[in-house]
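I have placed the structure first, in the form of C-alpha cells, so that the comments after it can refer back to it.
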Amino acid sequence: MNIVFAGTPEFAAVALKSLHDAGFPISLVLTQPDRPAGRGMQLQASAVKQFALAHAIPVAQPVSLRLDGKYPEVAAEAHSLLRATPHDVMVVAAYGLILPRSTLDIPAQGCINIHASLLPRWRGAAPIHRAIEAGDTDTGVTIMHMEEGLDTGPMLAMERLPIDAGDTTGSLHDKLALMGGRMIVDALRKLERAPLAAQPQPEAGVTYAAKIAKDEAALDFTQPAEVIARKIRAFNPFPGASAVFNGVTLKLWQAEALGETSGAPGDILAGDAHAGVVVAGGGGALRLAQLQKPGAKRLPAPEFLKGFPMEGGRFG
C-alpha cells in the first residue's frame, strides 16, 4: 500500500517515522512551507520535512490546496503532483492546511486523519492544550476518514489515555504521538486486508479546540487556583503561562493547587526556600514549582528565589 503523508510538526513526524519503520512505501510528503524560527528568525524546515529529507522521501510544500483560494496556480500544481504520484491512501496528521474536496477525492482509499482527542470532543487545532485546560481526566487518539468538515469524519479507531495530574501539553503530546503512530500502522495493515469499518461520530458531546493565542498565556489570579494550575500545565511548553510580579513578567511552568487561603488574589503567601513560592488565587492558593525570569532559564522555585526574592510582593 503506497502512502502520501501530509503533516507538519513533531506529532506528525512521529507518525511518519512509525509508517516508515513499519515498511510502508511513502511516495510523497506534503508539509507546510519553511517558517522563520528561533532568535535569528532563520527559515526552518518542519519536523516532517526534516525526517523526509533524511530518508530520501520526496517533499512538496504548497502554501494552499484550495483551487478557489488565494493561490489557485499553486493548488493546481499540487493536485497535478498528487494525481501523478502512485498512492492508495493519504495519511494526514496535524498538517495545518485545509484539504478541499478536490484533494480528498484523489486517493483511491481516501484520506485518513490522526487526531489527538476522543472525537467528537475537541475537534480543531489545539486538542491537547484544551483537554488539560478544561480539566479532562482522559483523552486519546481517534483515527478517522476525512470529510470536508472540521474533524467531522467517521471514526475508524479510537484509544483512550488517562491524563495524569502532572501532565503538561508537552508530556501528553509525546504520549499521544506514539499512540497515534502505533494506531495508524495498525489501521493501514488492516486496510490492506479489507475495508475498515467506519462509525459516525456522535452528535452529542461536540466541542472545539480553538488555536492557542499568545495572549491567553497571561494568568488572572482572581480565578480559582485549580483553574490557574491547569492553565500553567496546558501552556507548557507553548506559549508558556506568564504573570507580572512587581513589574517583571515571569514565566510559570509548574504549579499545584493548594487549599483555601485568606490572602488577596496575587499576594505572595510564602516565598522562601523551605515553603517555595505560594500565591493566593481567587479561590485557594497555588504553589509555584518552576519559574523563569526574562533572559534566564527555567529554575525550581528554591533556586529561583536565590536570585529573585518574592516574599512580600504580589502578582498583578
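At a glance:
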| quantity | calculated |
| --- | --- |
| Condition check for Ala243: farther than 24 Å from Asp138 by Cβ, among the aliphatic types (A, V, I, L, M) and assigned to a loop (DSSP other than H, G, I, E, B) | no |
| Filter pass, Gly7 being of a type outside the set (A, V, I, L, M, F, W, C), within 28 Å of Ser171 (Cα to Cα) and surrounded by fewer than 21 Cβ atoms within 10 Å (Cβ to Cβ) | no |
| Per-region count, region 46-74, residues of a type in the set (Gly, Ala, Ser) and touching a residue at least 24 places away in the same chain (Cβ under 8 Å) | 5 |
| Flag for Ala56 being touching a Phe, Trp or Tyr at 6+ places or on another chain (Cβ under 6 Å), of a type in the set (A, V, I, L, M) and at positive phi | no |
| Residue match in region 194-211 (condition: charged (D, E, K, R) and not in a loop (DSSP other than H, G, I, E, B)) | no |
| Any hit, region 194-213, residues being of a type in the set (Ser, Thr, Tyr) and without any contact (Cβ under 8 Å) to a residue 60 or more places away in the chain | no |
| Residue list for region 42-54, restricted to those being touching a helix residue (DSSP H, G or I) at 6+ places or on another chain (Cβ under 6 Å) and either surrounded by fewer than 20 Cβ atoms within 10 Å (Cβ to Cβ) or over 21 Å from Phe24 (Cα atoms) (or both) | none |
| Strands (runs of 3 or more DSSP E) contained entirely in region 248-316, each with at least 3 residues that are modelled with pLDDT under 95 | 268-272 |
| Extreme residue, surrounded by the fewest Cβ atoms within 10 Å (Cβ to Cβ), among residues of region 10-41 that are touching a residue at least 24 places away in the same chain (Cβ under 8 Å) and in a strand (DSSP E or B) | Ser27 |
| Exclusive hit being assigned by TED's automatic domain parsing to the domain that holds Phe221 and not charged (D, E, K, R), set Gly312, Gly240 | Gly240 |
| For Phe245: the one exception among (1) surrounded by fewer than 20 Cβ atoms within 10 Å (Cβ to Cβ); (2) touching a Lys or Arg at 6+ places or on another chain (Cβ under 8 Å); (3) in contact (Cβ under 8 Å) with a residue 40 or more places away in the chain | (1) |
| Single residue of region 179-213 satisfying the filter (loosely packed, with under 14 Cβ neighbours inside 10 Å and within 21 Å of the chain's Cα centre (by Cα)) that is farthest from Met1 (Cα to Cα) | Ala213 |
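Okay, residues lined up against (1) within 24 Å of Ala126 (Cα to Cα); (2) within 24 Å of the chain's Cα centre (by Cα); (3) not charged (D, E, K, R):
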| residue | (1), (2), (3) |
| --- | --- |
| Pro239 | yes, yes, yes |
| Val244 | no, no, yes |
| Val248 | no, no, yes |
| Ala255 | yes, yes, yes |
| Glu260 | no, no, no |
| Pro265 | no, no, yes |
| Ala275 | no, no, yes |
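The values are calculated or read from the model by the stated rules, or taken from the named source; none is laboratory data. Treat the numbers as computed from the prediction; the structure is a model and nothing was measured. Counting neighbours? That spans all protein chains shown, and the Cβs are built from the backbone with ideal geometry, glycine included.
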